[in-house]
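Worksheet: the structure to be examined is printed underneath.
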Amino acid sequence: MAAQVARHGVLMRQAFSVANHELINWFPGHMAKGLTQMQQKLKGVDCVVEVHDARIPLSGRNPLFEKRLGLATLKPHLLVMNKVDLADPRCRQDVKEYYEKQGVPQVIFTNCKEPNSPGVKSIVRKVSRAIKDSERYSRSEETSYSVMVIGIPNVGKSSLINALRARHLGRSKATRVGAMPGITQSVLEKIKVCEDPKVYLMDTPGVLAPRITNVEMGLKLALAATIKDHLVGEDIIADYLLYRLNLMGNHKYVKFLGLDAPTDNIQDLLISAAVRNNWLRRVRDHRGINTCPDIISTAARFIRAFRMGVFGRITLDDVP
């Protein structure tokens, strides 16, 4: 049984467990195809920009990238921590120092919703410097720079490209973005993002590891919307969110959901919130058509509130 501690008169879990330990096994065809395409196009690339969600700075790394794309050995490599507007700013220095010890000297923190934010402003300059300091081999005569943008699903790769175009070219979106993982499903052709120097970026599909056996890592990935909700279950993701918020002593969800007090029981939370807010659904049974609490819709609202920053700026990973 998970350890619990009393807080606000309620026993709160100090550990999280789920019945199904084989939680996630999701590697659709477009991911395998996309990774192969990246390898094939690597020869014509000067630099690789790896984009992460700053809320999951450790869980969000795919070990396949390092193995199959030779990050930092074959090509200059920059690590971009995106969505910093949603992550705990107190973790930033720890993340930077952690990756410096891992041999990743270039860590850039960005909010790609803001093309004029300091992180976005610095990317072209840092990419240019990294390429100039490297051996370009077969591309040494090229005057333009070719950059591949990689990462797991829904971390903001397409948003980064659009932000750089807006920043340096004053142009509108060049690639589609969305709040759900899996929008980009193949390696796209080069997209110009800067004129001086001439920089072309290549968008790629988000690629997860074929199997995620660490349950809590999988739940962090799901909570950050890098895995489609229904593949894990909205109720399980919501339960993990409740556990994390209570663990931090963050009870902003009480006001958001219209509850009387904090709780550690996800079913009580979902039913109470659905009834209080009239989030109901119509069902037909032997008595006719009736209404009941819409548990899945309520869980989805709870999860969406976290993703929008309603409960504050939260980093899910504990950075050593």
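Tell me, please, whether a residue that is in contact (Cβ under 8 Å) with a residue 60 or more places away in the chain and either assigned to a helix (DSSP H, G or I) or surrounded by fewer than 15 Cβ atoms within 10 Å (Cβ to Cβ) (or both) can be found in the stretch 198-209.
Scanning the stretch 198-209, I find no residue that is in contact (Cβ under 8 Å) with a residue 60 or more places away in the chain and either assigned to a helix (DSSP H, G or I) or surrounded by fewer than 15 Cβ atoms within 10 Å (Cβ to Cβ) (or both), so the answer is no.
Kindly list the number of the only condition in (1) at pLDDT below 85; (2) buried (at least 22 other Cβ atoms within 10 Å of the Cβ) that fails for S186.
(2)
For the stretch 210-225, give me each residue that is surrounded by 19 or more Cβ atoms within 10 Å (Cβ to Cβ) and not in a helix (DSSP H, G or I).
I212, A224, A225
For the structure I just gave you, tell me whether I227 is over 19 Å from G151 (Cβ atoms) and in the same structural domain as R13 (by TED's automatic domain parsing).
For I227, the condition - over 19 Å from G151 (Cβ atoms) and in the same structural domain as R13 (by TED's automatic domain parsing) - is not met.
Being within 22 Å of K198 (Cβ to Cβ) and of a type in the set (A, V, I, L, M) is the filter here, so list the residues in the stretch 75-129 that pass it.
Across the stretch 75-129, the qualifying residues are L78, V80, I108, V120, I123, V124, V127.
Report the residue count in the stretch 139-148 for those that are in a strand (DSSP E or B) and modelled with pLDDT under 90.
Number satisfying all stated conditions: 0.
Look at the stretch 190-225 and say how many of its residues are closer than 30 Å to Y240 by Cβ, β-branched (V, I, T) and modelled with pLDDT of 90 or more.
The number of residues fulfilling the criteria is 0.
Could you check the stretch 220-233 and list, in sequence order, the residues that are touching a residue at least 24 places away in the same chain (Cβ under 8 Å) and more than 12 Å from the chain's Cα centre (by Cα)?
Residues satisfying the conditions are D229, L231, V232.
Answer yes or no as to whether D260 is free of Cβ contacts under 8 Å to residues at least 24 places away in the same chain, farther than 19 Å from D235 by Cα and in contact with a helix residue (DSSP H, G or I) (Cβ under 9 Å, 6 or more places away or on another chain).
Answer is yes for this residue.
List the helices (runs of 4 or more DSSP H) inside the stretch 226-320, counting only whole elements, that have at least 3 residues being out of contact with any Phe, Trp or Tyr (no Cβ under 8 Å at 6 or more places or on another chain) and surrounded by 13 or more Cβ atoms within 10 Å (Cβ to Cβ).
Output list reads 234-247, 266-276, 295-307.
Here is a check on your reading of the model: is N214 closer than 17 Å to Q14 by Cα and without any contact (Cβ under 8 Å) to a residue 60 or more places away in the chain?
So N214 fails the test.
Please state which one of K101, K75 is over 24 Å from G34 (Cβ atoms) and either within 19 Å of the chain's Cα centre (by Cα) or assigned by TED's automatic domain parsing to the domain that holds M148 (or both).
Numbers: K75 fails: over 24 Å from G34 (Cβ atoms).
Sole residue among the options that is over 24 Å from G34 (Cβ atoms) and either within 19 Å of the chain's Cα centre (by Cα) or assigned by TED's automatic domain parsing to the domain that holds M148 (or both): K101.
The values are calculated or read from the model by the stated rules, or taken from the named source; none is laboratory data. Given the structure is predicted, the values throughout are model-derived calculations rather than measurements. Ideal geometry is used to build each Cβ from the backbone, glycine not excepted, and the neighbour counts take in all protein chains shown.
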